[in-house]
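Asker: One structure coming up, written as structure tokens, with questions to follow.
No lab work stands behind these numbers, since they all come straight from the coordinates. In this text, all values refer to a predicted model and were calculated from it rather than measured experimentally. Cβ atoms come from the backbone with ideal geometry, glycine included; neighbour counts cover every protein chain shown.
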């Protein structure tokens, strides 16, 4: 599996400043995005924040859908662009999916109940840069960049516990 991860662009390194890790992946289509979503879902636990950053069309909502599918959500997963938050009860834990794109003032976030959501579940946040001071310091941060029509670069950093999860859970398309 390590060799196939290298072929896919898996390059993990320890980040000494926050005793965490960083990894860069090349996602060559939906199968790779689904694999990344499944790996994140496998490690997700109550109190976790996943911050999904990237330009319009970079794949934030697609990755959020993959994470939720990895948690067992079978219903339609719409973008929360207009509702600002969508709630899901998964077999593993409750998840709230937020979109901060339309947030104009960080104080608006207080009304969205993120602290309550983290008490008994996890949160996925698109456009976290709109309220960076409200994102947990120990969040798993995923920055997506479109590198072609179908490929995305995912730069991921977070607490060191995520490195173990990525090392054991991540399988990219074509892995045996």
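Asker: With the Cα gyration tensor of the stretch 30-150 giving a ≥ b ≥ c as the square roots of its eigenvalues, does the rule (a/c under 1.5 for rounded; else a/b larger than b/c for prolate; else oblate) give rounded, prolate or oblate?
Answerer: Oblate shape, in that a/c is at least 1.5 and b/c is the bigger or equal ratio.
Asker: Grab the beta carbon distance between residue 155 and residue 92, set R0 = 30 Å, and tell me the FRET efficiency rounded to 0.05.
Answerer: Values: r = 26 Å, r/R0 = 0.86.
Calculated transfer efficiency: 0.70.
Asker: What is the distance, in nm, between label points placed 7 Å from the Cα along the Cα-to-Cβ direction at residue 120 and at residue 74?
Answerer: That separation, rounded to one decimal, is 2.4 nm.
Asker: Of the beta bridges DSSP finds with both residues in the stretch 32-176, what % are antiparallel, to the nearest 5?
Answerer: Rounded to the nearest five, the antiparallel share is 40 percent.
Asker: Something else about it: Please state the shape class of the stretch 125-166: rounded when a/c is under 1.5, otherwise prolate if a/b exceeds b/c and oblate if not, all from the C-alpha gyration tensor.
Answerer: Here the stretch 125-166 falls in the oblate category.
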